[in-house]
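Read through the structure below, which is laid out as structure tokens, and then see the notes.
The values are calculated or read from the model by the stated rules, or taken from the named source; none is laboratory data. This is a predicted model, so every value here is computed, not measured. Here the Cβ is made from the backbone with ideal geometry for all residues, glycine too, and neighbour counts use every protein chain on show.
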Amino acid sequence: MRPGAGVLDAVCVFAGARPGADPRYLETAAALGRALARRGITLVYGGSSTGLMAALANAALAGGGRVVGVMPQGLVDRENAHRGLHELIITTDMHARKARMAGLADAFLALPGGFGTLEELFEVVTWGQLGLHRKPVGLLNSGGFWDGLLVFLAHARTEGFIPGSGLPVLPCAPDPDEILDLLLMAAGTFRQ
């Protein structure tokens, strides 16, 4: 059995189509791609050939990993769809894209990114809270990118807007292998 097989066969990664200001973001995206390939875990991502998404996909491909991109037709040309993937799934719109990505994945992970990354992250967290899936969602905290969000979420919980028992586990770690191990543990808990 290959590493990661059975519980985490595929991880959906949300990430920016831009490289970001800190070079650690690109380095961490590439390290995650290599870690996924090394563990035999399929990468499911937004399909772009730019920014963190490209660094992630290219590193996974270079490491012999399987990579599936999902992109709406309206973004295929605008965001420069990656043409070197094992599979590029083209959807009609963003809603179909997110549903398809969610259906293909056993877990979700967010790298640094902008509004699109945040929207995708919060949608899958909300879906988990509502019981629409039982898959772990985590944050790869490259360069402390997610620190402010974690403070805000703690504040929202303190203020009574996020129930303690209803908040899905949101593992967070700065290292790709560490966060994948946390997702793997969480996935096993969800399946029990």
How about segment 46-80: which of its residues are assigned to a strand (DSSP E or B) and touching a Leu at 6+ places or on another chain (Cβ under 6 Å)? V67, G69
Any residue at all in segment 144-164 that is part of a helix (DSSP H, G or I), surrounded by 14 or more Cβ atoms within 10 Å (Cβ to Cβ) and at pLDDT 95 or above? no
K135 is checked against (1) part of a loop (DSSP other than H, G, I, E, B); (2) within 30 Å of F161 (Cα to Cα); (3) more than 14 Å from the chain's Cα centre (by Cα) and fails just one. What number does that condition carry? (3)
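For segment 59-74, which positions are surrounded by fewer than 20 Cβ atoms within 10 Å (Cβ to Cβ) and within 28 Å of P176 (Cα to Cα)? Let's see the steps before the verdict.
Filtering segment 59-74 for residues surrounded by fewer than 20 Cβ atoms within 10 Å (Cβ to Cβ) gives 61-64, 66, 73-74.
Passing the criteria: L61, A62, G63, G64, R66.
Here is a yes/no grid of residues against (1) without any contact (Cβ under 8 Å) to a residue 40 or more places away in the chain; (2) more than 16 Å from the chain's Cα centre (by Cα):
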{"residue": "R38", "(1), (2)": "yes, yes"}
{"residue": "L52", "(1), (2)": "no, no"}
{"residue": "V68", "(1), (2)": "no, no"}
{"residue": "I89", "(1), (2)": "no, yes"}
{"residue": "H95", "(1), (2)": "yes, yes"}
{"residue": "F108", "(1), (2)": "no, no"}
Go through (1) without any contact (Cβ under 8 Å) to a residue 24 or more places away in the chain; (2) within 23 Å of L52 (Cβ to Cβ) for G164 and report which single condition fails. (2)
